[in-house]
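Enquirer: Quick one: structure below, then a few questions.
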Amino acid sequence: MTLLSFNLIKNKNKIFGFSSVLILLSLIGILYSTFNTSFKKPINLGMDFIGGNELRIERICEYECDKVSPDEVIENLSEFSNNKNLLNNIKLQIQNNNSLISIRSPYLTIEESNDLIANIDKILGPLNYESKNSRIIGPKLGKKLLTNCATSLLVSLVAISLYISIRFDKKYAFFALLALFHDLFIVFGFFSWLGVFLSIEVNSLFAVSLLTIAGYSVNDTVVIFDRIRENLKQSSDNYNQTIQISVNESIRRTLFTSITTLIPLLTLIIFGSYSLFWFSVSLSLGILIGSYSSILLAPSFLIKNKITELI
């Protein structure tokens, strides 16, 4: 009897119920994001994928810079610009004790970008033009990045499917892949809700996190399935009991590995830069969901019932 143990047979239906709730919430988030948001997509795509301008510039202040609301700035910009579509899509932040202006906008030409800065200078100036830092991604490049990320994710999933199919028999492979899609779908759905409520955008780092989660999840599931397969060959206990014993033998190793991985991610969330914040959140969530599915969900699929006996 291990120090950490779980009655998989008794709680199988609770595990399925919990996963069903998470999947349903994720699906609702994806559908809501697609049909009831301004961006009309399953998830709020960032500048990496749709193109746009990101610009940072500092204000020149004698002592402390006056506090100004971003909404007030955008409202004042309407006096200098007739481009209502641009103003409706600008995201402006004032940081570092009101001294740093950060602007996110749709793709702009150099002339349009200079006009925008000049208008902001009239409202918040004077500005330190030497501190100007800009990043531009054209719409075609953004679309190419999105296509490449989707392709790399698809190729990796196909490769994982082939590996699992060769490594195990069809029943093990099917359930391992089902657990993998469960993990990715929930993380995707979680970020759909973040886009709806907090306007959080996903970028190329989000695609990297999904690829990492896929590899991590499959690795944990393969380890537990290996233990189950070995014990089924050697054990004289009944089928379901052997699966439960195998999971309890592997649970410590999987949990300790997950905790060890989460520790540096938590430090990045707390102390890291904002550019890595949501990447770290995505990975942390994926590791938590992946550990849960590897330890509890995937082995629960193997517990004999009327469904699994037909596969």
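Enquirer: Determine the shape class of the stretch 1-54: with a ≥ b ≥ c the square roots of the Cα gyration tensor eigenvalues, call it rounded for a/c under 1.5, and otherwise prolate if a/b is greater than b/c, oblate otherwise.
Expert: Oblate shape, in that a/c is at least 1.5 and b/c is the bigger or equal ratio.
Enquirer: May I pose another question? Using alpha carbons only, how many angstrom separate the centre of the stretch 258-303 from the centre of the stretch 50-75?
Expert: Spelled out, the Cα-based centre of one part sits 35 Å from the other.
Enquirer: Still on this structure, please answer the following. Among Q244, I120, A179, flag the residue with its Cα farthest along the positive direction of the charge dipole of the chain, charges on Cβ as +1 for Lys/Arg and -1 for Asp/Glu.
Expert: Q244
Enquirer: Shifting gears a bit: What distance in nm lies between label points placed 7 Å from Cα along the C-beta direction at R229 and T260?
Expert: Computed distance between label sites R229 and T260 equals 2.3 nm.
Enquirer: At 222 nm, what value in deg cm²/dmol follows for the chain if DSSP H runs of at least 4 each add -39500 (n - 2.57) and the sum is divided by all its residues, to the nearest 500?
Expert: Value at 222 nm, helices only, nearest 500: -22000 deg cm²/dmol.
Enquirer: If I measure Cβ to Cβ between cysteines in the chain, which ones have no partner under 4.7 Å?
Expert: C149
Enquirer: With N residues in the chain, what two-decimal value do you get for its Cα radius of gyration over 2.2 N^0.38 Å? Present the calculation step by step, with values, prior to reporting the outcome.
Expert: Working: Rg = 24.8 Å, N = 311, 2.2 N^0.38 = 19.5 Å.
Ratio of Cα Rg to 2.2 N^0.38 Å: 1.27.
Enquirer: By its C-alpha gyration tensor, with a ≥ b ≥ c as the square roots of the eigenvalues, how is the stretch 106-246 shaped: rounded for a/c under 1.5, else prolate for a/b larger than b/c, else oblate?
Expert: On the way: a/c = 4.55, a/b = 3.21, b/c = 1.42.
Because a/c hits 1.5 or more and a/b exceeds b/c, the stretch 106-246 counts as prolate.
Enquirer: Still on this structure: Compute the semi-axes of the equivalent ellipsoid of the stretch 52-137, taking the square root of 5 times each eigenvalue of the Cα gyration tensor, and list them largest first in whole Å. Before the final figure, lay out the partial values.
Expert: On the way: eigenvalues 77, 42, 25 Å².
For the stretch 52-137, the semi-axes come out at 20, 15, 11 Å.
Enquirer: Label points 7 Å out from Cα along the Cβ direction at K40 and S131: separation in nm?
Expert: For the pair K40/S131, the computed spacing is 3.9 nm.
Enquirer: Whats the longest run of the chain with zero GluC sites (Glu not before Pro) that are DSSP loop and have at most 11 other Cβ atoms within 10 Å? Kindly include the intermediate steps, with their values, before the conclusion.
Expert: Values: sites that count: E62, E64, E79.
Free of exposed loop sites, the longest segment is 80-311.
Enquirer: Then there's this: Using 1/(1 + (r/R0)^6) with R0 = 41 angstrom and r between the beta carbons of K91 and V21, what's the FRET efficiency to the nearest 0.05? Working shown, then result.
Expert: Values: r = 33 Å, r/R0 = 0.80.
The pair K91/V21 has a calculated efficiency of 0.80.
Where a number appears in this text, it was derived from the coordinates with a stated rule and is not lab data. Computed from a prediction, not measured in an experiment: that's the story for all the values here. Positions of Cβ are generated from backbone atoms using ideal geometry, with glycine treated the same way; all protein chains shown enter the neighbour counts.
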